[in-house]
Amino acid sequence: MSHSEKFIAALKQIQKNGQVNPELNSSLNAEEKELLENLLQKGLVDESLKFLDQLDIDNDWNLVKKRLEAIKPIRSIAPSILKYAAILIGLITATYFLFNANLDTTEDSNPADVITLKIGGEDVKVIDQGENQEIVAANGLVVGTQKGDILIYDQNDEIEELIYNELAVPYGKIFNLELSDGTIVHLNAGSSIRYPINFIKNHNREVFLSGEAYFKVAKDVDHPFIVSAGEVAVEVLGTEFNVSSYEEDTEINTVLVEGSVRMRDASISGQNLILEPGFKGAFNKSDHTIGKAAVDLDLHTSWIKGELVFRKSEFNNMIRKIERRYNVTITNNKEELNQKKFNARFHVDIESIHDVMQSISNVTPFEYTIEANENVIIY
């Protein structure tokens, strides 16, 4: 059994039994034992297996140990468990890059930085994620509450007309919304949603999305739920799905987690597509075609947990997602990087933009600077 196989076997034993049997433990070297102990103490065993089980690392196992040497000095000056976890995840992430980057080379706030709520199309309110407050309509009626990072609207049968609010989330943040019918919406960075403060009987439940959101739709067979996202409308009765409709992207995508949805072209052509769980529907903005394909759901829904996951992703596409989630601008002056494809996983609550860029540059060497923690320049 190779060193890497022994190491993975030891991780699996820890995952199952909480410890490594003496025979296997004695076959590991000091560095491997130290890493195992750190991963166990910081609760990263499952995360480690998730990465390492996908790798063929036998030929380059020494590279992993070199990364260990690089983090040893940190131990004495990093008492924070979260920061220590960031270092260990950084090790795994960088290792993941090292072995997968070349899978396929052909293939004080300003208004822009805060969450805003437009009430009735006029008043604009800044939403602080740490606050609890009432949401008041333009007519003075309390229609819901804010509880930290979620707005919750109440069903009110006294409201008999469609009155809209609009929630906008800037780059670098995500936020949550519970509509008056109980539908839950997770709104990704750089996104906005326009929705009725109260759904009206005998009307479809329709909301308007720009950007990306994950929906858990409350079931109501008499009132279909419709997400209008630019040139596409997604219709459901009760289900979970993700819609991505950023203006700068070439496609509008819907990924179905459970239930059933109909994705249709909102234009006069009326193309439509029924999706099954585990499939993505993609509307091409240039030729107005709709296609579907089976996908890894984790790639499209992990952002809800604060993660960025890439699989055979071109670098220029990775940049857009990194910019949105970290609220930075990336200028790439090394054009040969653009079409290069990578696999990686980052956790935005643990790893900084510097950690991300350092991991990438460890694989494909380049220099970069970060100005005021906002502008990343690659050269």
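The values are calculated or read from the model by the stated rules, or taken from the named source; none is laboratory data. All values reported here derive from a predicted model rather than from experimental measurement. Ideal geometry is used to build each Cβ from the backbone, glycine not excepted, and the neighbour counts take in all protein chains shown. The protein model used for the area step is the full one, side chains on, heavy atoms only, and it has no ligands, DNA or RNA in it. Shrake-Rupley method; radii C 1.70, N 1.55, O 1.52, S 1.80 Å.
A few comments on the model shown:
- Straight-line reach from K16: taking Cα to Cα under 16 Å and skipping same-chain neighbours fewer than 8 places apart, the aspartates and glutamates in range are E37, D46, E47, D53.
- Of the GluC sites (Glu not before Pro) found in segment 298-379, those in coil by DSSP whose Cβ has at most 15 other Cβ atoms within 10 Å are E367, E374.
- Within the accessible area of segment 109-267 (1.4 Å probe), percent carbon and sulfur: 44
- Using θ = phi - 60° in the Karplus curve 6.51 cos²θ - 1.76 cosθ + 1.60, the 3J(HN,Hα) couplings for segment 133-145 round to 7, 8, 9, 10, 6, 4, 8, x, 7, 6, 10, x, 9 Hz; x is entered for Gly and Pro.
- Highest mean first, the peptides 339-350, 275-286 sorted by other C-beta atoms within 10 Å per residue fall in the order 339-350, 275-286.
- 3J(HN,Hα) from dihedral phi, segment 353-363, Karplus parametrisation 6.51/-1.76/1.60, rounded to Hz, x for glycine, proline: 4, 5, 4, 5, 5, 5, 4, 5, 5, 5, 8
- Residues listed by number, segment 149-169, amide nitrogen under 19 Å from I200 label point at 7 Å toward C-beta: 154-166
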